[in-house]
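The structure appears below as structure tokens.
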Amino acid sequence: MTKDRVEVIAKQRYQKDISPWLSPEILCENPWIQLHNEIIKFYQFYGPCESEDRIRKDFYFRVRDQIKKVWPYAKIKIFGSTASRLYLPQSDLDVVVFLPKSKVDDLKLVKTLQNKLSKLAWTRSCESIGAKVPIVKLEDTVSGLFMDISFNK
């Protein structure tokens, strides 16, 4: 792509306000570097801010503390879009609870946690889903966020 062509595209794009996260200074002749620059700017424009991270961490720590009351030896980890910081504002949090191997059925673990979490003042809804990988779906009244909690033994 020639420099003249880049300038023509820049004028068309920025005059129409097609992509609000773009600015003329990120343009370059190499299309792969251009794509890279656009992805970075897009993430900076739409990516999470500190307050969103804080809200998610608060929700996670409140749930983690409750899980630790039931299973003090559990290891709890966030995974998915929250862990990678590629979440959208209303994306749920995905959490896995690691427990030592036991003969306790996964569905019983899910029901135990559901009973504990559903009694909390900040829980709007809490349900257990008995799928191939049983999960607890939790909605927080404080943040309005959802969390899916699964188990790995």
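Throughout, read-outs are computed from the coordinates displayed, never taken from laboratory work. All values derive from a computational prediction rather than experimental measurement. We place every Cβ from the backbone using ideal geometry, glycine too, and count neighbours over all the protein chains shown.
From the phi angles alone, apply the Karplus equation (6.51, -1.76, 1.60; θ = phi - 60°) to the range 60-77 and give each ³J(HN,Hα) in whole Hz, x where the residue is Gly or Pro.
Listing the rounded values in order: 4, 5, 4, 5, 4, 4, 5, 5, 5, 5, 7, 10, x, 8, 5, 10, 10, 10 Hz.
For a label point 7 angstrom out from the Cα of Leu99 toward its Cβ, which stretches of the range 118-147 have the backbone nitrogen within less than 18 Å?
Under cut-off, by backbone N: 118-119, 127-138.
Over the Cα atoms of the chain, what Rg and Dmax result, in angstrom?
Final numbers for Rg and Dmax: 21.9, 69 Å.
Got a sec to turn the phi values of the range 133-147 into Karplus ³J(HN,Hα) couplings, 6.51 cos²θ - 1.76 cosθ + 1.60 with θ = phi - 60°, whole Hz, x for Gly and Pro?
10, x, 9, 9, 9, 10, 10, 9, 6, 6, 9, x, 8, 10, 9
Give, in nm to one decimal, the length gained when the segment between Asp148 and Glu29 is fully stretched (0.36 nm per residue of separation minus the Cα-Cα distance).
Stretched fully, the Asp148-Glu29 segment lengthens by 38.4 nm.
Return a whole-number percent for the relative contact order of the chain, with Cα pairs under 8 Å and 6 or more residues apart as the contact set.
With pairs under 8 Å counted, the relative contact order is 17 percent.
Less than 13 Å from a label point 7 Å out along the Cα-to-Cβ axis of Asp92: which backbone N atoms in the range 106-126 qualify, by residue?
125-126
For the residue pair Lys116 and Ala83, what label-to-label distance in nm results when each label sits 7 Å from Cα along the Cα-to-beta-carbon direction?
2.0
Distance check, please: which entries in Lys69/Lys111; Lys101/Lys137; Lys68/Lys116; Lys103/Lys137; Lys57/Lys101; Lys77/Lys103 exceed 20 angstrom between their Cα atoms?
As for pairs spanning more than 20 Å Cα to Cα, those are Lys101/Lys137; Lys103/Lys137; Lys57/Lys101; Lys77/Lys103.
So what J values fall out for the range 24-37 if you push phi through Karplus, 6.51 cos²θ - 1.76 cosθ + 1.60 with θ = phi - 60°, rounded to Hz, Gly and Pro as x?
Each residue's phi maps through the Karplus curve to give x, 5, 8, 5, 8, 7, 7, x, 6, 5, 4, 4, 4, 4 Hz.
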